[in-house]
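The values are calculated or read from the model by the stated rules, or taken from the named source; none is laboratory data. Not measured: the values here are computed from a predicted model. Positions of Cβ are generated from backbone atoms using ideal geometry, with glycine treated the same way; all protein chains shown enter the neighbour counts. All accessible areas refer to the heavy atoms of the entire protein, side chains included, with ligands and DNA or RNA removed. Shrake-Rupley method; radii C 1.70, N 1.55, O 1.52, S 1.80 Å.
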Amino acid sequence: METIADVIYTGAWWRNKGLRTLNLFIIFVELASAINGYDSSVLNGLQILPEFKKHFNSPDGSTLGFMSASQNFGGLV
C-alpha cells in the first residue's frame, strides 16, 4: 500500500508538466480576481459622481446594483 509521501512529486515544479499547468491556471485565476476587484471599485466610485447620475438618468438602488453585478456575469460564461 502506498502512502501519500510515495506519490507526492518532490522534484522541481518546472520539470513537471502537471505542476506547470497548475501554476499557469493559478496565475490566470489571480489576475482575473485582481482585475474584477479593480473594476468593481472603479465602477462603485463612478456611481457617486454627478456626471454619472446625469448620464444614466439618476438610477435607483436596484439599477445601480445590477450595473455593479453585470460586470461579473462574463465570469460565469
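Quick notes on this structure:
- Heavy-atom accessible surface of the chain: percent carbon and sulfur, 1.4 Å: 66
- Label positions at residue 6 and residue 27, each projected 7 Å from the Cα along the C-beta direction, are separated by 3.5 nm.
- Fluctuation leader among 16, 36, 44 - the chain, Gaussian network, Cα springs under 10 angstrom: 16
- Our helix-only sum for the chain, with -39,500 (n - 2.57) per DSSP H run of n ≥ 4 divided by its residues, gives a mean residue ellipticity at 222 nm of -21000 deg cm²/dmol.
- Taking chymotrypsin sites (Phe, Trp or Tyr not before Pro) across the chain, the ones in a DSSP loop with at most 11 further Cβ atoms lying within 10 angstrom of their Cβ are 9.
- Entry comment: accessible area of the chain is 85 Å² per residue, from protein heavy atoms only and a probe of 1.4 Å.
- Extension gain (nm, one decimal) between residue 16 and residue 43, 0.36 nm per residue minus Cα-Cα: 5.6 nm
- Dimensions of the chain along the principal axes, based on C-alpha atoms and rounded to the nearest Å, stand at 67, 24, 18, largest first.
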